[in-house]
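> The structure is given below, and queries will be raised subsequently.
What follows draws every value from the coordinates through simple rules; no lab data is involved. Please read all numbers here as calculations on a predicted model, not as lab measurements. Every residue, glycine as well, gets a Cβ built from its backbone with ideal geometry; the counts of neighbours run over all protein chains shown.
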Amino acid sequence: MYAQMVETGLKNVRSAADMGAEELAFQARIDAGIKIEAKDWMPDAYRKTLVRQISQHAHSEIVGQLPEGNWVTRAPTLKRKSILLAKIQDEAGHGLYLYSAAETLGVSRDELLAALHSGKAKYSSIFNYPTLSWADMGAIGWLVDGSAIINQIPLCRCSYGPYARAMIRVCKEESFHARQGYDIMMSLCQGSAAQKAMAQDALNRWWWPSLMMFGPSDAESVNSAQSAQWRIKLFSNDELRQRMVDQTVPQIEYLGLSVPDPDLKFNAETGHYEFGAIDWAEFHNVLKGNGPCNRERLQTRVKAYEDGAWFRDALLAYADKHADVKAAA
Ligand code: BYC
């Protein structure tokens, strides 16, 4: 993928001529498939890229709890409610593994959260859309967690050890999430005409935002080439997006639903589905903070953080007191 990106003229990549001896040795370790660990020497830009990506990933997991949290009290059965709760709790766990992985790079949790709360750090565009019906719980598990798996399985093999190891468990849990989402869609599609229509409506609203989750096209992606050189990215945004479409279209057909894309067609020669143009203006607008739920999501997170201040204070006070008692003993 890296060679391909350089060929297509993507810039922002450090060449051997830019590198000193330490950086050349670092790149050679990466090229040999050796993992970089927290205490190893690394270029500042590699550290910065990882802090950016891992923290944004962590924020996505935490903010990602909100659209589904909206349906816990209205799940149709006790079983569905328990499954949904377990999934949402898993997302909190993913956020914690990822914040811990980011902390190994010398940045504090407080700094990371401050960047989220001030709007400086991004989180995935997908979580700025509203959840309007129960079918959205199916569509999110199936399409959003499904896309997350496609993006994250390669991250289990990325060059930074703590990130790669955190992703192994995350991916296992995401597989359960995707299955539970598809199971909701199956039930709705085998139900009444109104239930099937609800499933189609959810698919219509989540399809395009799910394709946008993979990030800008390869031609527009500013970080891809350098991240590929560092083996943080093993596949490009467009490659993974194509994988998602190829995998999901047959699942849509199995449900008896239709793909909300009049331009979609299978190319027998390439063995891939060709799909219509993505509305990148919408994507950039969501990234700028103007999606349907950006403000609400951020306000909810800030309020939760502020409401939890007394608990953090109590923990710190206890830790300080405990340290005093230990020091005196
Ligand atoms: N949303 O040069 P590019 C999940 C930003 S799943 C918002 O291609 P990169 C979950 C990008 O950050 C979701 N921003 O960047 C699932 C960059 O801006 P900055 C989280 C996006 O980093 C279910 C700019 O656009 N997954 O957690 O090489 C339930 C240019 O992009 C998006 C991850 O974070 C987007 N969709 O590639 C609960 C996976 N796309 O930072 C939770 C790890 C791009 O330079 N992350 N941008 O200001 C990645 O794999 C990569 O960071 C991306 C972007 C593929 C997302």
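> What residue among W310, W41, W208 shows peak mean-square fluctuation when the chain is described by a Gaussian network model with Cα springs under 10 Å?
Among W310, W41, W208, the largest GNM mean-square fluctuation belongs to W310.
> Once amide H atoms are placed 1.01 Å from N in the peptide plane, what residues at a sequence separation of 5 or more from H272, or on another chain, have their amide H within under 5 Å of its amide H?
N267
> Could I ask something else about it? How many nm is it between the label spots at L316 and I34, if each spot is 7 Å from the Cα in line with the beta carbon?
Label-label distance for L316 and I34, simple model: 4.1 nm.
> Report the charge-dipole magnitude of segment 228-329 in Debye, nearest 20, computed about the Cα centre from +1 at each Lys and Arg Cβ and -1 at each Asp and Glu Cβ.
600
> Rounded to the nearest 20 Debye, what is the dipole magnitude of the chain about its Cα centre when Lys and Arg each give +1 and Asp and Glu each give -1 at the C-beta?
780
> Note down the magnitude of the dipole of segment 127-231 about its Cα centre, charges +1 on Lys and Arg C-beta and -1 on Asp and Glu C-beta and zero elsewhere, to the nearest 20 debye.
340
> Quote the convex hull volume per residue of segment 29-152, based on C-alpha atoms, as a whole number of Å³.
Spread over its residues, the Cα hull of segment 29-152 gives 124 Å³ apiece.
> Could you compute Rg(Cα) / (2.2 N^0.38 Å) for segment 199-242, with N its residue count?
For segment 199-242, the normalised Cα radius of gyration comes out at 1.41.
> How far is it, in nm, from the label point at S82 to the one at S133 when both lie 7 Å from their Cα along the line to the Cβ?
2.8
> So, in Å, what gap is there between the alpha-carbon centers of segment 100-115 and segment 189-247?
28
> Cross-link candidates for K120: which lysines have Cα within less than 18 Å, leaving aside residues fewer than 8 places away along the same chain?
Result set, ordered by chain and number: K48, K288, K303.
> I'd like the Kirkwood hydrodynamic radius of the chain, using the inverse of the mean 1/r over distinct C-alpha pairs, in Å.
21.5
> Further question on the same structure: Would you work out which of T248, Q53, F176 lies farthest towards the positive end of the dipole of the chain? Charges go on Cβ: Lys and Arg +1, Asp and Glu -1.
F176
> Could you work out the mean projected area of the convex hull around the alpha carbons of segment 145-289, in square nanometres to one decimal?
About 10.1 nm², averaged over all directions.
> Considering the options Q226, L264, I278, tell which one lies farthest towards the positive end of the dipole of segment 213-297, charges being +1 on Lys and Arg and -1 on Asp and Glu at the Cβ, about the Cα centre.
So the residue furthest toward the plus end is Q226.
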